[in-house]
Amino acid sequence: MTRQTVHGNGTDGGGTGRGGTATPERWREREDEDSLFRQLRLTVRQGMEVDGTTPAGAWEALTQVGAWEFALPIEKDGLDLGQAVLAMVCEEAGNAMQPVPLPDTLLALDLISGLGPVGSDTADGLLDRVRTGELPLAVPGRLPDPRGTLPPGITWKPDGDTGGIVLTGTGGPFAAGVGAGALLVLAGGPDGPCVALVELPAADVLVRPLRDHGGGAVSGAVFDGTRLPAGAVLLRGLAAERALARVGLRAAVHQASLLAGITAAALTAVVSRIRGRQQFGQALVKHQGPRLRVAGLLARLDAVRWAVGDAARDLDEGRLTPGEAAGLIALTAETTLDVTRDAVHLHGASGLVRDALVAGCYRRAAWEALRCGRPAQLWDTAAHTP
């Protein structure tokens with residue numbers, strides 16, 4: 001798919017404001033961000049805009065700015081900058097519209113760095129490989145919901161012969177613009193959940209490309225009696241339940257941030273379109289109907305971005321509850337689906353072109369918005385979970 005950069009004056013590239021500098025879009029800035037955070041955001045954004053014009057370039061840009069160190073605790077030689085910073089990175093990556101498994105890798109880093117002394121040697125080697133950009137980690141299928149509950153799809157059972165496990169089932173879709181070096185498999189079984197790491201390529205694991213409708217490369221994974229040794233199993237049973245409950249909250253915030261970025265990308269394209277498209281002898285933006293409609297979409301995005309930022313700070317301070325996280329991802333998913341659909345409509349026939357940015361946003365949102373669960377189910381969780 002093609003990538004489109006739209007500046008604050010609504011032109012494609014090269015747009016300038018006063019003094020010849022690009023005017024930032026209002027809906028991509030937050031007034032409460034301090035100068036250091038804003039500079040960090042600018043660094044990530046520039047890296048994605050300059051080098052992130054392809055999935056491989058976007059992955060390299062994230063590695064170069066140190067995104068993986070942002071996520072790791074101090075004791076793992078990371079920077080531990082907090083969830084607000086990680087949410088910002090996810091938002092900027094979503095806005096770049098490159099199909100890289102960023103929330104998946106952040107979830108994997110969270111789980112691996114929390115293994116403790118038992119998995120220290122294995123964990124340190126994996127973390128070093130992720131730091132260098134060598135090991136993109138993808139989660140086939142849905143992410144855990146804010147309570148840490150796993151969706152059906154992949155099951156495991158003990159392998160009595162080797163002491164390992166046997167995986168069966170199908171997981172997908174997941175972003176595959178950068179080929180995953182390993183899959184972090186979240187499976188349910190007779191003794192509770194299980195978290196396993198499958199290095200690729202692997203016997204009896206089929207990574208199957210799914211149809212790309214313009215939103216970027218997507219794949220699914222099929223496990224047909226896949227046998228994994230005991231060393232590939234990171235967590236199982238009660239330990240896995242506790243770890244997934246912790247990372248489920250973070251995955252919800254990261255995925256919500258990614259969706260907010262995709263929404264911003266769609267609206268950037270819409271603003272450019274209505275400013276440049278002529279109807280009845282004047283720009284479409286001069287007509288009250290489209291203008292008010294876009295203003296409403298921008299207001300919804302603003303509300304989502306504030307909600308995500310507040311949730312990230314609450315998560316840093318240990319105040320975010322599973323019910324609140326479920327409501328956040330439900331709100332963000334619904335907003336992304338609504339905004340990208342309306343963006344296609346406001347573009348007219350050009351919004352249906354496969355390689356158009358707004359069509360890519362719409363098609364990618366169709367599956368990214370469901371990775372933590374369906375909005376209706378999440379609203380129910382929010383209503384019945386403290």
Completion exercise
Taking only Cα atoms of the chain, the Rg to Rh ratio with Kirkwood Rh works out at 0.98
Exercise for the section: Using only Cα atoms, tell me the angle between helix 288-316 and the longest principal axis of the chain; keep it within 0 to 90° and round to the nearest 10. Expected result: 30
Practice task
Can you tell me how much longer the chain between Glu241 and Thr170 gets when fully stretched, taken as 0.36 nm per residue apart minus their C-alpha distance, in nm with one decimal?
Solution key: 23.4 nm
Completion exercise
To the nearest 0.05, the calculated FRET efficiency linking Asp161 and Ile74 through their beta-carbon distance, R0 being 45 Å, is 0.60
Practice task
Could you grab the relative contact order for the chain? Cα pairs under 8 Å, six or more apart, rounded to a whole percent.
Solution key: 18
Fill in the blank from the handout: the stretch 137-237: spread of alpha-carbon positions along the three principal axes, whole Å, largest first, is 44, 32, 18
Fill in the blank from the handout: Per DSSP loop assignment and a cutoff of at most 13 other beta carbons within 10 Å, the chain keeps its longest run without exposed trypsin sites (Lys or Arg not before Pro) at 1-210
Practice task
Specify the inter-centroid distance of the stretch 134-149 and the stretch 39-113, based on alpha-carbon positions, in whole Å.
Solution key: 16
Problem - the chain: angle of helix 357-368 to the longest principal axis, Cα-based, in degrees nearest 10 - result: 30
Handout entry: Part-to-part distance (alpha-carbon centres) for the stretch 229-270 and the stretch 273-329, which is given in Å
Key = 22
Fill in the blank from the handout: Under the 7 Å Cα-to-Cβ spin-label approximation, His384 and Ala230 lie apart by a distance in nanometres of 3.9
Handout entry: Percent of C-alpha pairs per 10 Å bin, the stretch 241-384, short to long
Key = 12, 38, 28, 15, 5, 1, 0
Fill in the blank from the handout: Rounded to the nearest 10, the angle in degrees between the Cα long axis of helix 375-384 and the longest principal axis of the Cα atoms of the chain comes to 70
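We did not get these values from a lab; they are worked out from the coordinates using the rules stated. Only a predicted model underlies this, so the values are computations on that prediction, with no experimental measurement involved. So basically every Cβ, Gly included, is an ideal-geometry build from the backbone, and we count neighbours across all protein chains shown.
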